[in-house]
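One structure below.
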Amino acid sequence: MKKILTCLIICCTVLRIRAENGHELWLRPRTALPVRVICERSSPALAIARRELEDGWVGKADASVVLAFTKDRAIKGDGFRLGQRGIEAKTDAGILYGVYELLRRQQTGLPISEEVCNPSYERRILDHWDNPDGSIERGYAGGSIFWRKSNPFAITDGDKVLWQQYARADASVGINGAVLNNVNASPLILSTDYLARVKAIADILRPYGIRTYLSVRFSSPVQIGGLTTADPLDPGVENWWKEKIKDIYQLIPDFGGFLVKANSEGQPGPQDYGRSHADGANMMADAIRPFGGIIMWRAFVYKASDKDRAKQAYAEFTPLDGQFRDNVIIQVKNGPVDFQPREPFSPLFGAMKKTDVMPEFQVTQEYLGQAVHLVFLAPMWEECLKSDTWQGGPGSTVAHCTDGSLYPQRYTAIAGVANIGLDSNWCGHPFAQANWYAFGRLAWNNRLTSGQIADEWLRLTFYPIQRQRKEPAGYQADWETHFLQPVREMMLRSREAAVNYMMPLGLHHLFSANEHYGPGPWWAPQKVRPDWTPPYYHKADTGGIGFDRTNTGSDAVSQYHEPLRSQFNSLFTCPDMYLLWFHHLPWSYRMRSGRTLWQELCYHYEEGVRQVREFQNIWDKVRPYVDDERFVLVQSKLRSQSSNAQLWKDACLQYFGQFSRQPIPPDIERPVHDLDDIIRDDTMRR
Ligand code: GCW
């Protein structure tokens with residue numbers, strides 16, 4: 001009896017799922033089988049490729065893998081051909097990406113067929129909004145991995161290890177660029193001390209095929225150069241940038257270029273000198289051209305005086321089409337306002353036919369529950385990439401308008417605002433890692449589906465390590481049925497759930513204050529500019545709710561190509577999900593469902609809360625398949641998400657209910673918070 005008991009205890013301990021803190025991301029260690037890697041060349045990148053194969057090979061034992069260079073024209077840029085014998089590519093980075101793809105397929109059980117894989121975008125970049133003092137704008141996972149406040153120029157072994165791990169994770173999903181600092185840029189970044197640190201980082205990222213970029217402040221020539229102006233047409237200013245750029249390339253010969261936020265949210269820019277965005281961008285583009293660098297110029301612009309902020313970027317940039325140098329690329333956020341839970345695509349996509357344009361997505365969940373809510377963002381990006389702009393006829397999706405397949409582009413690129421910090425699991429929430437992963441995968445292949453990405457990521461990130469080999473018969477099938485399927489479904493539904501409990505039916509920007517987390521449809525202090533407050537966007541009163549952007553309202557619909565213009569303009573054809581984005585409607589408006597608008601709103605909020613409760617349930621049921629550390633963390637975050645979703649529902653329904661003057665339908669759960677209490681607590685926190 002005693003023997004049996006001891007045996008049982010041993011078995012349980014052995015089979016207990018090893019605790020994981022998430023630091024290894026989707027690159028968890030494998031019990032690799034022996035493999036022979038054959039490669040005629042050597043380089044730091046190829047050495048990494050070789051090591052990855054040796055450490056991660058789970059194919060046939062003692063197989064040989066050939067890494068070979070080719071001139072095959074079917075392979076573009078850093079693309080590669082995957083085959084039974086190995087990988088062929090044109091560049092070192094191509095070989096490395098091929099190796100990661102091969103290993104991913106082995107590790108997720110996908111077939112390895114003869115196939116050419118080319119990247120959708122040539123530049124696949126993470127924008128870090130990291131400040132030189134180590135803080136991160138809209139960062140929810142600790143301080144910066146690149147910069148720090150105390151002893152800012154010392155480079156420790158710990159720093160190097162972290163940068164190398166970061167580079168490896170990026171490369172494994174095809175990311176090949178990193179903007180190391182915030183677009184609200186400090187001029188300090190261009191000072192000698194900081195540039196020395198940039199060089200140290202670039203040296204570590206380089207073998208992984210990652211180029212380094214910097215955000216620059218337009219007024220740097222004045223602030224750190226001692227000039228009296230930053231006017232882009234001033235020869236002294238041009239010269240200052242030329243010299244600065246020369247210095248940078250001396251340190252970092254493969255430096256990627258600059259990212260610029262100008263004349264936006266108080267940042268300086270060419271308009272301060274009566275010049276245009278094109279004047280500003282072109283001056284920098286000319287200075288960086290001899291070194292092969294690019295200028296990514298952001299189209300995120302709007303003024304407090306605008307009647308409709310959603311129209312501003314299009315209004316300012318389309319007249320400049322054709323005026324930008326060919327090494328300028330305009331960086332456009334997915335929606336016309338600002339990374340909201342749901343926006344229609346920005347009408348700038350496809351509208352600038354003579355200018356290179358790149359999409360900007362936000363990986364950090366500024367407006368989607370930050371590192372508390374489980375929200376898988378691939379469905380949101382997929383929705384944007386697949387939106388048909390009609391700009392070049394039917395099928396002119398945002399993806400086609402930006403990846404060079406519709407208009408010739410000298411450069412193609414895509415950027416994601418990173419969600420990475422010093423937290424041991426990098427992203428704060430274990431599931432937020434999936435957004436980093438998904439951004440890279442979509443940047444590499446903009447035709448991938450969210451389902452495929454979630455599937456891969458879950459297999460790589462959650463399959464119990466000690467089951468990876470010699471698994472008891474049936475374990476994998478059991479894991480797929482009881483863990484993979486429900487959790488993948490939860491991920492795929494999570495974005496729509498957030499839209500439901502935060503701002504359904506096209507509502508947007510209902511956040512309290514500047515932290516962009518909790519509800520605040522009432523929030524409108526006198527001293528805050530109106531377009532930073534929710535009432536500017538929802539326009540609720542006893543007459544109804546929604547922003548009238550039809551041709552009798554702000555006419556933002558006219559920025560879209562037909563047939564979208566008419567489709568969005570008409571109540572008969574405007575999709576429900578954009579209804580209150582484009583229309584101001586009475587509370588009694590009859591929806592397609594037969595409900596009134598007010599009732600429909602109530603049902604959406606209710607549905608959002610119900611979905612998160614269901615996610616809690618799904619997660620609790622998968623406990624036997626997850627290590628304790630990650631299980632408990634996700635469980636407690638779901639609990640917070642659930643109570644926050646409830647708060648959103650209670651706040652929005654009671655606040656809007658004052659205007660609709662209608663009761664919450666009887667079959668909907670009653671609020672559990674009092675509106676006055678919510679507003680009081682919210683005000684007291686400020
Ligand atoms: O979404 C807003 C953020 C700002 C950010 C800005 C931008 C970096 O609230 O924090 O500033 O967008 O994209 O420039």
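The values are calculated or read from the model by the stated rules, or taken from the named source; none is laboratory data. These numbers were taken from a predicted model, which means no experiment stands behind them. Note that we place each Cβ from the backbone using ideal geometry, even for glycine, and neighbour counts take in every protein chain shown. Heavy atoms of the whole protein, side chains included, go into the accessibility calculation; ligands, DNA and RNA do not. Shrake-Rupley method; radii C 1.70, N 1.55, O 1.52, S 1.80 Å.
Details
- Filter result (in contact (Cβ under 8 Å) with a residue 60 or more places away in the chain and either open to solvent by less than 10 Å² (accessible area, probe 1.4 Å) or over 29 Å from the mean Cα position of the chain (by Cα) (or both)) within region 262-283: Gly280
- Boolean, Trp129 is open to solvent by 10 Å² or more (accessible area, probe 1.4 Å) and within 16 Å of the ligand (Cβ to nearest atom): yes
- Checked against (1) surrounded by fewer than 20 Cβ atoms within 10 Å (Cβ to Cβ); (2) closer than 13 Å to Leu601 by Cβ, His673 meets all criteria but (2).
- Take the conditions (1) away from the ligand (no atom under 16 Å from the Cβ); (2) in contact with a Lys or Arg (Cβ under 7 Å, 6 or more places away or on another chain); (3) open to solvent by 10 Å² or more (accessible area, probe 1.4 Å); (4) more than 15 Å from Arg123 (Cα to Cα); Asp356 misses just one of them, which is (4).
- Qualifying residue in region 299-306 (condition: more than 13 Å from the ligand (Cβ to nearest atom) and open to solvent by less than 10 Å² (accessible area, probe 1.4 Å)): no
- Residues located in region 447-478, provided they are in a loop (DSSP other than H, G, I, E, B) and either open to solvent by 10 Å² or more (accessible area, probe 1.4 Å) or without any contact (Cβ under 8 Å) to a residue 60 or more places away in the chain (or both): Arg447, Leu448, Thr449, Tyr463, Gln468, Arg469, Lys470, Glu471, Pro472, Ala473, Gly474
- Here Asp78 passes the criteria (1) within 16 Å of the ligand (Cβ to nearest atom); (2) crowded, with 20+ Cβ neighbours inside 10 Å; (3) assigned to a loop (DSSP other than H, G, I, E, B) except the one numbered (1).
- Residues of region 636-656 satisfying the condition of being under 26 Å from the mean Cα position of the chain (by Cα) and more than 11 Å from Pro671 (Cα to Cα): Ser636, Lys637, Leu638, Arg639, Ser640, Gln641, Ser642, Ser643, Asn644, Ala645
- Set Ile252, Ile248: member being β-branched (Val, Ile, Thr), out of contact with any Phe, Trp or Tyr (no Cβ under 9 Å at 6 or more places or on another chain) and away from the ligand (no atom under 16 Å from the Cβ): Ile252
- For Pro535, the conditions (1) in a helix (DSSP H, G or I); (2) touching a Leu at 6+ places or on another chain (Cβ under 9 Å) are fulfilled apart from (2).
This table checks each residue for (1) crowded, with 18+ Cβ neighbours inside 10 Å; (2) part of a helix (DSSP H, G or I).
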| site | (1), (2) |
| --- | --- |
| Arg549 | yes, no |
| Val557 | yes, yes |
| Leu571 | no, no |
| Cys574 | yes, no |
| Leu579 | yes, yes |
| Leu601 | yes, yes |
| Gln646 | yes, yes |
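A quick yes/no check of all residues on (1) in a helix (DSSP H, G or I); (2) surrounded by fewer than 17 Cβ atoms within 10 Å (Cβ to Cβ):
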residue	(1), (2)
Leu205	yes, no
Thr212	no, no
Val222	yes, no
Thr228	no, yes
Ile245	yes, no
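- Unique match (being outside any helix (DSSP H, G or I) and surrounded by 15 or more Cβ atoms within 10 Å (Cβ to Cβ)) among Ile668, Ile678: Ile668
- Taking every residue in region 330-346 that is under 22 Å from Ser276 (Cα atoms) and pairing it with any residue that is open to solvent by 10 Å² or more (accessible area, probe 1.4 Å) and within 10 Å of the ligand (Cβ to nearest atom), at least 6 positions away or on another chain, the pairs with Cβ-Cβ distances below 7 Å are Lys333/Phe300; Ser346/Lys333.
- Residue match in region 162-169 (condition: open to solvent by less than 10 Å² (accessible area, probe 1.4 Å), of a type in the set (Lys, Arg) and more than 16 Å from the ligand (Cβ to nearest atom)): no
- Residue match in region 413-423 (condition: more than 20 Å from the chain's Cα centre (by Cα) and within 16 Å of the ligand (Cβ to nearest atom)): no
- Just one of the listed residues (Phe291, Phe361) is within 16 Å of the ligand (Cβ to nearest atom), within 25 Å of Phe255 (Cβ to Cβ) and assigned by TED's automatic domain parsing to the domain that holds Ala230, and it is Phe361.
- Hey, Arg138 within 16 Å of the ligand (Cβ to nearest atom), buried (at least 17 other Cβ atoms within 10 Å of the Cβ) and either in the same structural domain as Ala278 (by TED's automatic domain parsing) or free of Cβ contacts under 8 Å to residues at least 12 places away in the same chain (or both) or not: yes
- Test: residue in region 341-352 that is in contact with a strand residue (DSSP E or B) (Cβ under 9 Å, 6 or more places away or on another chain), open to solvent by less than 10 Å² (accessible area, probe 1.4 Å) and within 16 Å of the ligand (Cβ to nearest atom): yes
- Meets criteria (in contact with a Lys or Arg (Cβ under 7 Å, 6 or more places away or on another chain), open to solvent by 10 Å² or more (accessible area, probe 1.4 Å) and closer than 25 Å to Ala556 by Cα) for Asp388: no
- Exactly one residue among Ile201, Ile189 is without any contact (Cβ under 8 Å) to a residue 60 or more places away in the chain, within 16 Å of the ligand (Cβ to nearest atom) and within 29 Å of Thr412 (Cα to Cα), and that residue is Ile189.
- Qualifying residue in region 308-317 (condition: over 19 Å from Pro232 (Cβ atoms), more than 16 Å from the ligand (Cβ to nearest atom) and open to solvent by less than 20 Å² (accessible area, probe 1.4 Å)): yes
- Cβ pairs under 9 Å, 6+ apart, first in region 210-225 and without any contact (Cβ under 8 Å) to a residue 12 or more places away in the chain, second of a type in the set (A, V, I, L, M, F, W, C): Val222/Ala230; Val222/Val237
- Considering (1) of a type outside the set (D, E, K, R); (2) over 21 Å from Phe258 (Cα atoms); (3) more than 16 Å from the ligand (Cβ to nearest atom), the lone condition that Pro336 does not fulfil carries the number (3).
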